[in-house]
Amino acid sequence: MKHGGRVAVALTAALLGAALGGCGQRAGSHEGAYSGLETVPEKLGSDGTTITVGNPHAPVTVHLYEDPRCPVCEEFESTGAGPELREATVRGEAKTAYTLASFLDDKVGGSGSKKAVNALRAALAEGRFAEYHQVLYRHQPEEAEDGFTDDRLLELAERVDGLRGPAFDSAVKDMKYQAFVEASEKAYESAGGSEEPGGPGTPTAVINHVRIPADYSGVLFDAPLFSNLLREIRVAPEEWQEYVFPDVAATPGPF
């Protein structure tokens, strides 16, 4: 059976379990839980591009490939499974890795994606990446509108306690992390492999080295089903490992 078919079997089983067994039930307290998103650890991986948020010992890693201007990413982050993933990360049940793309600037014009990725890297330097990431998606401009300007990014940073300051402001205005922006885009493009030379598409989710097939991407927009999927993987990781395959896009960056 091809990799996508094998993963589909796993997803079908997990989602059927959700339908039959009370989907979306929250777990109790978990070792490594945090008081809120602002206290969750975050770190740049040794690959220089992967930003990981959460308990380094969490049994589940969700690697997301996103572009800040992508409206489907906004749907995932705001009304899809994104809020549930953040809560699972705060509870210490999962950690979230991010590869930040900026291809939409070339596709629709402007520089908003690049500026937003640079600002997110600057927020990481201040220990405020996760909070700022949430704010940017909550206030994402229309895709065709190049709305992530320096002034707008700084204005939105006011919504994150402790983020604004000389270092952050200067990094945003001067594109301090231009090299990171370029490297992150290359990492995204490489994640698509030879079959997807421009990148795997956004959002793409890889859970414990298993990429969610496009045909099953609907799970990313159904919080209860996504919650159940994370629970099934956390409770029985040995069963999920059967579906791991050596795909570039299926390798989460190091924490």
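The values are calculated or read from the model by the stated rules, or taken from the named source; none is laboratory data. All values reported here derive from a predicted model rather than from experimental measurement. When we count neighbours, we look across all protein chains shown, and the Cβ atoms used for this are built from the backbone with ideal geometry, even at glycine. Heavy atoms of the whole protein, side chains included, go into the accessibility calculation; ligands, DNA and RNA do not. Shrake-Rupley method; radii C 1.70, N 1.55, O 1.52, S 1.80 Å.
Run down Ser184, Ser190, Ser217 and say which single residue is part of a helix (DSSP H, G or I) and open to solvent by less than 20 Å² (accessible area, probe 1.4 Å). Give the steps one after another, and end with the answer.
On the way: Ser190 fails: open to solvent by less than 20 Å² (accessible area, probe 1.4 Å); Ser217 fails: open to solvent by less than 20 Å² (accessible area, probe 1.4 Å).
Going through Ser184, Ser190, Ser217 in turn, just one is part of a helix (DSSP H, G or I) and open to solvent by less than 20 Å² (accessible area, probe 1.4 Å): Ser184.
Which of the residues spanning region 132-186 are among the aliphatic types (A, V, I, L, M) and in contact with a Leu (Cβ under 9 Å, 6 or more places away or on another chain)?
Filtering region 132-186 for residues among the aliphatic types (A, V, I, L, M) gives 135-136, 144, 153-154, 156-157, 160, 163, 167, 171-172, 175, 179, 181, 183.
Matches in region 132-186: Val135, Leu136, Leu153, Leu156, Ala157, Val172, Val181.
Go through the residues of region 199-207 one by one and say whether even a single one is part of a helix (DSSP H, G or I) and either modelled with pLDDT under 90 or open to solvent by less than 50 Å² (accessible area, probe 1.4 Å) (or both). Show your work before the answer.
Taking region 199-207 and keeping what is part of a helix (DSSP H, G or I), we get none.
There is no residue in region 199-207 that is part of a helix (DSSP H, G or I) and either modelled with pLDDT under 90 or open to solvent by less than 50 Å² (accessible area, probe 1.4 Å) (or both).
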Of (1) open to solvent by 10 Å² or more (accessible area, probe 1.4 Å); (2) part of a helix (DSSP H, G or I); (3) touching a residue at least 12 places away in the same chain (Cβ under 8 Å), Lys95 satisfies every one except (2)
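Please give the helices (runs of 4 or more DSSP H) falling wholly within region 103-142 in which 2 or more residues are in contact with a strand residue (DSSP E or B) (Cβ under 7 Å, 6 or more places away or on another chain). Walk me through how you get there before you give the answer.
Values: elements: 104-108, 112-125, 129-138.
The helices (runs of 4 or more DSSP H) meeting that bar are 112-125, 129-138.
Are any residues in region 31-57 among the aliphatic types (A, V, I, L, M) and modelled with pLDDT of 95 or more, and if so, which ones? Give the steps one after another, and end with the answer.
Step one: of region 31-57, the residues among the aliphatic types (A, V, I, L, M) are 33, 37, 40, 44, 51, 53.
Answer for region 31-57, where residues must be among the aliphatic types (A, V, I, L, M) and modelled with pLDDT of 95 or more: Leu37, Val40, Leu44, Ile51, Val53.
Every residue in region 53-84 that is β-branched (Val, Ile, Thr), more than 11 Å from the chain's Cα centre (by Cα) and open to solvent by 10 Å² or more (accessible area, probe 1.4 Å), please.
In the first step, residues of region 53-84 are kept if they are β-branched (Val, Ile, Thr); the result is 53, 60-62, 72, 79.
Then drop every residue that is not more than 11 Å from the chain's Cα centre (by Cα), which leaves 60, 72, 79.
Once the filter is applied, which keeps residues that are β-branched (Val, Ile, Thr), more than 11 Å from the chain's Cα centre (by Cα) and open to solvent by 10 Å² or more (accessible area, probe 1.4 Å), region 53-84 yields Val72, Thr79.
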Total residues in region 222-245, condition without any contact (Cβ under 8 Å) to a residue 60 or more places away in the chain and of a type in the set (Gly, Ala, Ser): 1
